[in-house]
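Some notes on the structure that comes next.
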Amino acid sequence: MDIEIIEMAERRGKFILKNSSPAMANALRRTMLSDIPKMAIDKVEFHLGPIMVDDKEYESVTPLFDEIIAHRLGMVPVPTDYELFTYQDKCVCGGEGCPSCTIMYSLNKIGPCTVYSGDMIPLGNAELKVKDEFIPIVELTDGQAVLIYATAVMGTVKKHVKWQAAFGVGYKYLPIITIDANKANDSDVLRVIKLCPRHVFEEKGGKIVVKNSTDCSLCMSCVAPSNGAITINSDDKNFFFTFETDGSLTAKQLLDKATEILSSEASELLSQVEAL
């Protein structure tokens, strides 16, 4: 099994899984969706009572219930560094919470204003500030304020969707597009260039050629109009993947972690089978 990177941006990626099988492609997809650990806010503490700022008293109240604000904070992508953090129940602190398994954020705002995710200040390490700074949390009117302490821990989406790092993970069989060279310059075949919804074909030297086969969605809308000049098959050993991340991990980090987890699980299964 090999991986050929087609595009690897900060939060999205495209790659080809080569010399594999549908079972392995599906296993990789499920691993990316459900097994990637990440940090997310799991505990939120609200200050109750009046808040004094510059000799003015603000009421610790918002238009939303505390549970709704806590849920919104939990869905904010939190930066994840595997070299710094581990699962709380596997930490040397015994699950009590320490800098090796938790991130503490403070949120202190007075109205009137809109409270955004960027108002969350990490305690201790400024590099752990959330990257998406303009996710709206709540609107405060004059006289209202919030003082919140939120704790982020590591988990996976198997426990709650707030720990899901990958989104839009999909794959398809790599298309195999064949053009009959003797018919490549026929007018009916050239007409396919405009008919293709994904703009897979282009004209070069008066002949139709494939511009980018990975854009093909296997819709077959080009086959019939070409009068047999174009044939499309799917390769069940090579798969074209696309995915995005929520920003807590880069696309490269997520793919590296997914392959690491899949390899580890495969090795463990092999050991158990050999033990039988």
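The values are calculated or read from the model by the stated rules, or taken from the named source; none is laboratory data. Quick caveat, the model's predicted, so the values are computed rather than measured. So basically every Cβ, Gly included, is an ideal-geometry build from the backbone, and we count neighbours across all protein chains shown.
Per-residue answers, yes or no, for (1) outside the structural domain of I135 (by TED's automatic domain parsing); (2) within 26 Å of the chain's Cα centre (by Cα):
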residue	(1), (2)
I6	yes, yes
A9	yes, yes
N19	yes, yes
T31	yes, yes
F46	no, no
I51	no, no
Y58	no, no
H71	no, yes
Q88	no, yes
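For every residue, the table says whether it meets (1) surrounded by fewer than 15 Cβ atoms within 10 Å (Cβ to Cβ); (2) over 30 Å from M32 (Cα atoms).
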residue: G170; (1), (2): yes, no
residue: K183; (1), (2): no, yes
residue: E202; (1), (2): yes, yes
residue: L255; (1), (2): no, no
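Please verify whether segment 113-124 includes one or more residues that are touching a strand residue (DSSP E or B) at 6+ places or on another chain (Cβ under 7 Å), at pLDDT 95 or above and assigned to a loop (DSSP other than H, G, I, E, B). So far as segment 113-124 goes, yes, one or more of its residues are touching a strand residue (DSSP E or B) at 6+ places or on another chain (Cβ under 7 Å), at pLDDT 95 or above and assigned to a loop (DSSP other than H, G, I, E, B). Annotation note: Cβ proximity below 6 Å between a residue of segment 127-139 that is at pLDDT 95 or above and a residue that is basic (K, R) (sequence gap 6+ or interchain) occurs for I137/R72.
Among strands (runs of 3 or more DSSP E) entirely within segment 141-258, having at least 1 residues that are under 18 Å from the mean Cα position of the chain (by Cα) singles out 145-155, 166-179, 230-245.
Checking each residue in segment 69-88 for being touching a residue at least 24 places away in the same chain (Cβ under 8 Å) and assigned to a helix (DSSP H, G or I) picks out I69, A70, R72, L73, G74, Q88.
Please state which one of T214, T231, T250, T242 is surrounded by 14 or more Cβ atoms within 10 Å (Cβ to Cβ) and either farther than 28 Å from R11 by Cα or of a type in the set (K, R) (or both). Going through T214, T231, T250, T242 in turn, just one is surrounded by 14 or more Cβ atoms within 10 Å (Cβ to Cβ) and either farther than 28 Å from R11 by Cα or of a type in the set (K, R) (or both): T231. Against the test of being in contact with a Ser or Thr (Cβ under 6 Å, 6 or more places away or on another chain), under 14 Å from F240 (Cβ atoms) and touching a residue at least 40 places away in the same chain (Cβ under 8 Å), the options K14, K38 yield a single qualifying residue, K14.
Confirm whether A126 is under 33 Å from the mean Cα position of the chain (by Cα) and surrounded by fewer than 16 Cβ atoms within 10 Å (Cβ to Cβ). Spelling it out, A126 is indeed under 33 Å from the mean Cα position of the chain (by Cα) and surrounded by fewer than 16 Cβ atoms within 10 Å (Cβ to Cβ).
Could you tell me whether D142 is within 15 Å of L249 (Cα to Cα), in contact (Cβ under 8 Å) with a residue 24 or more places away in the chain and surrounded by fewer than 18 Cβ atoms within 10 Å (Cβ to Cβ)? No, not satisfied.
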